[in-house]
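Before any comments, here is the structure.
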Amino acid sequence: FLLSLQPNHVKADRKVEKMYKKLMMMAAALMLSVMVFGQEMADQLVVSVTPAEMTEGEEARFTVALASAPQKEVTVKVRSFLLDRLVVQEGALLTFNEENWETPQSVVVKAVDDNISNGEQQAEVTLLAMSKEKAFNDCKRTLLINVKDNDQAGISITPNPIELNKQMRTGSIFVKLTTQPTSEVNVVVRSTDSNVSLTGNTMTFNALNWNVLQEVNVMASERVTGTEPICLVASS
C-alpha cells in the first residue's frame, strides 16, 4: 500500500516545487521592477556635488535640475531634518517646467553657528519632487552632510595669572564659560598658592548668564613679600 502511494507523493511534491519556483520568480521580477522604477524616479533629479561636511557658520551651494523635460510643472521641496544644525537659506522651493528643466537652480545651506558644544552631527537634507506628471511625482533624493562643531566647552579666567605683592595684596579676576551649557554648571575657583585666599569663588552658570563675567576677589597674605604671579584653577 505504501509503495503504491509513493509515486503520487512524488508527483505532488514536484508540482508544489514547480509552483513555488514560479512564485519566487514572479516575486523577484516584481521586486526588480520596483527597484528599477525607484532608481528611475530618483534619477529624474540631477544634483551637483554636495559637501560631505561643513563647519558651523559655513555656507555651501549646490544645484538641482531635471534629467528630462516634463510635460507638466514640477516643484521640488528642499528640506533639512536637523534645523538646529543645518538650515536651507535659499532654494527651499524650486519650480521646473518644459522650458527651464535643464537649467540648474541653486540651493544654499548653512551650518548653524551656535554657542553650544554639541560635537559633530549628521544632517539629512531631502529633495522631494511633486507634479501631476507621474514620472516626476514623489521623486526623492537624500543628501547627508556632517556638521562639525566649532565650540569647545571650558572656563575662562582673566587675568590668569594675577600678580600680587606686599603693596598691592588684593585684586580681582573674572570668570565665565566659553560655551553655552544645556543645564546649570557650578564652578569653583581655587588658588595654587596657599598664601592666597579667594572670596566669591563659587558660582553658578546657566544658558542665560554663561558669558556674563562673575567677579572673584583675590587676597594675598602678609607672607607675600615680592611680586608674585598667582595661578588660579577652576573646576565644575
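Maximal additional length on extending the Ala52-Thr75 stretch stands at 5.8 nm, based on 0.36 nm per residue less the C-alpha distance. Using a 1.4 angstrom probe on heavy atoms only, work out the carbon and sulfur share of the accessible area of the range 99-236 in %. Within the range 99-236, the accessible surface is 46 percent carbon and sulfur. Potential lengthening of the chain between Glu133 and Met168 amounts to 4.4 nm, from the contour at 0.36 nm per residue minus the alpha-carbon distance.
Can you tell me the FRET efficiency between Thr103 and Lys148 if r is taken as the Cβ-Cβ distance and R0 is 35 Å, rounded to the nearest 0.05? Using R0 = 35 Å, I get an efficiency of 0.60.
If I take R0 = 25 Å and measure r between the Cβ atoms of Leu93 and Ala67 in this structure, what FRET efficiency does the formula 1/(1 + (r/R0)^6) give, to the nearest 0.05?
According to the calculation, E is roughly 0.80.
Over the range 93-132, with a single point scatterer placed on each C-alpha, what log10 of the ratio I(q)/I(0) does the Debye formula yield at q = 0.16 1/Å? Relative scattering, expressed as log10 I(q)/I(0), comes to -0.64.
The P(r) of the range 173-224 has a tail past 16 Å containing 45 percent of all C-alpha pairs.
Take the Cα of Cys231, go 7 Å toward its beta carbon, and the backbone nitrogen atoms of the range 172-212 under 20 Å from that spot belong to 172-176, 188-198. Scattering from the range 107-195 was approximated by placing one identical point on each alpha carbon and applying the Debye formula without solvent; log10 I(q)/I(0) at 0.11, 0.13, 0.18, 0.21 1/Å stands at -0.60, -0.70, -0.94, -1.07.
The values are calculated or read from the model by the stated rules, or taken from the named source; none is laboratory data. This structure is a prediction, so every number in the text was calculated from the model and none was measured. Note that we place each Cβ from the backbone using ideal geometry, even for glycine, and neighbour counts take in every protein chain shown. Accessible surface is based on the protein model in full, side chains and every heavy atom, while ligands, DNA and RNA are left aside. Shrake-Rupley method; radii C 1.70, N 1.55, O 1.52, S 1.80 Å.
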